[in-house]
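Read-outs throughout are calculated quantities, based only on the coordinates presented, and are distinct from any laboratory measurement. Keep in mind the model is a prediction, meaning the values are calculated, not measured. A quick note on method: Cβ atoms are made from the backbone with ideal geometry, for glycine too, and the neighbour counts reach across all protein chains shown.
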Amino acid sequence: MAFDTSKVFRIEIIAILIASPLIIWLGLYLAARWWSVNSRTALPWLKCLRWIGWGGGLVLILLSLVREGFPLFYGIAMATFSAGLSIPKGWIKHRFASRSCRS
């Protein structure tokens, strides 16, 4: 089965945007596990990245509604990336909230 190069590029972009929150989560987990890094400092960065993702996704969705040839799935993939960042953000809050209560 032969794929058009634009379809392969779209699949790659969507796969990267969907997998990157899980890769970020894995990186934070490994850093906390091996080097005992306090990942709470990453919370403001994740929050900022989520807002950028939501804003970018909204702009891309609106752009696809205004321009007929612009594909909708870029905006949906960007919004999915932003929603996926809630996984590492929630994990950091859950893991490191108990430490602050103990001390």
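Numerical summary
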{"item": "Top-ranked residue of the stretch 37-61 - restricted to ones that are crowded, with 16+ Cβ neighbours inside 10 Å, touching a Lys or Arg at 6+ places or on another chain (Cβ under 9 Å) and not small (G, A, S), ranked as nearest to Y74 (Cα to Cα)", "result": "R50"}
{"item": "Residues of the stretch 62-79 classified as surrounded by fewer than 17 Cβ atoms within 10 Å (Cβ to Cβ) and either touching a His at 6+ places or on another chain (Cβ under 8 Å) or part of a helix (DSSP H, G or I) (or both), total", "result": "6"}
